[in-house]
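Quick notes on the structure that follows.
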Amino acid sequence: MKTVPLAEAVAMIPDGARLVVGGFLSVGTPERLMDEIVRQEKRDLTLIANDTARPGVGVGKLVDAKCVRRVIVSHIGTNPETQRQMFADEITVELVPQGTLIERIRAGGYGLGGVLTPTGVGTLVEEGKQKIEVDGRTYLLETALKADFALVHAFLADYLGNLAYALTARNYNPIVAMAGETVIATAEHIVPVGVISPDHVVTPAPLVDYIVANG
């Protein structure tokens, strides 16, 4: 694990990269990374996240700046700019039921090929997907989601890379941290090793590649 300046962390992300980002709306999203991606004018990104937040907030900043070419999310209902770009064919939107989305991300992090779920059977969701019957019940095969970079935000990080989250800001972040080839984390506080009790570590240091320096 290495502690790096913000600009250096984002400079590692090339145009066209596939990102999985923690957060629910803007809660738990690494805002500093979002701002820097916009500042560096990254383009043609694929974004995997719960949603596209709102204009000017969280991952919505990436949509506003047209950094994103494709999103894989559970909804875009809170972001009219995502909707506008979708209808203008400026962005491709793949909508995935929320529980299915997080399980696909989890499968990617755990090295699985996908998950079987009854969600969506008999609806538009099943179009183009393989159906598998188990014990007389039909399931859809939903393939795993993995990304080039996972971007997460924690409340506490130590200098080894152990992460702890605060309340509902935990949301997608621990699963997202499993699903990126390279994991970049921001934190409200970076503390010496030993300050975070082992019992309070949620994302262990071996998963984290870079911590963004504060200040």
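Readers should treat all values here as calculations from the given coordinates under stated rules, not as data from a laboratory. Predicted model, so just to flag it, every value in this text is computed and none were measured. Here the Cβ is made from the backbone with ideal geometry for all residues, glycine too, and neighbour counts use every protein chain on show.
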Sort through 106, 39 and tell me the only one that's more than 24 Å from residue 166 (Cβ to Cβ) and of a type in the set (D, E, K, R).
39
Could you list, ordered by first residue, the pairs with Cβ atoms under 7 Å in which the first is in the range 7-28 and over 14 Å from residue 57 (Cβ atoms) and the second is assigned to a loop (DSSP other than H, G, I, E, B) and β-branched (Val, Ile, Thr), at least 6 apart or interchain?
22/29
Quick one: would you say residue 183 is loosely packed, with under 13 Cβ neighbours inside 10 Å, aliphatic (A, V, I, L, M) and in contact with a strand residue (DSSP E or B) (Cβ under 8 Å, 6 or more places away or on another chain)?
no
Anything in the range 99-154 that is in a loop (DSSP other than H, G, I, E, B), of a type outside the set (Ser, Thr, Tyr) and in contact (Cβ under 8 Å) with a residue 40 or more places away in the chain? List them, or say none.
144, 145, 146
Does residue 189 count as of a type outside the set (S, T, N, Q), part of a strand (DSSP E or B) and over 12 Å from the mean Cα position of the chain (by Cα)?
yes
Given the criteria crowded, with 16+ Cβ neighbours inside 10 Å, free of Cβ contacts under 8 Å to residues at least 60 places away in the same chain, in a loop (DSSP other than H, G, I, E, B) and of a type outside the set (Phe, Trp, Tyr), does residue 42 qualify?
yes
